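Read the figures in this text as sums done on the coordinates, not as results from a lab. It should be emphasised that the depicted structure is a prediction, and the values quoted were computed from it without experimental measurement. All Cβ positions, glycine included, derive from the backbone under ideal geometry; neighbour counts span all protein chains shown.
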Amino acid sequence: MLPAAPTQVTLDFGEPVGVEAGAVRVFDDKLHRVDSGDPSGAGARVGIGLRSGLRAGTYTVTWRVISADSHPVAGGFTFSIGHPSKVIGTVRGESGGSRLVGQLLGAARFAGYAGLVLGSAWCWCY
């Protein structure tokens, strides 16, 4: 619960992330966007500005960024200004991605690492 409206939302990740336009979005309780501009940041910290004059109520922050090891990271949270309000509906399009694609990318990474290990072992022996 915040006593006054912030001017921006800042996200801190555990590793550097890649950020594109639309990667961080902020919605009011009627699911209208209240962020302004594109997200910006460096390394593991990403921020996005908020419109001025935000009223009391609940806001939803969503993000979808690319981690340093190239997999998508998505999530969200809510915060309230003054007092909580009921959020009308749900934010669409915020899924974590295709499970099949995630499994295929994992298998490809495993194959790449296995190739490095086997190649290094072969070079070490000869």
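What is the distance, in nm, between label points placed 7 Å from the Cα along the Cα-to-Cβ direction at V117 and at R33? The answer from the label model is 4.4 nm.
Of the listed peptides 40-53, 22-35, 77-90, 106-119, what is their order by residue-averaged count of other C-beta atoms within 10 Å, with the highest listed first? Intermediate results must be reported in sequence, preceding the final value.
Details: 40-53: 14.6, 22-35: 17.3, 77-90: 12.6, 106-119: 10.3.
Ranking the peptides 40-53, 22-35, 77-90, 106-119 by packing returns 22-35, 40-53, 77-90, 106-119.
Relative to the longest principal axis of the Cα atoms of the chain, the long axis of helix 99-125 lies at roughly 40 degrees.
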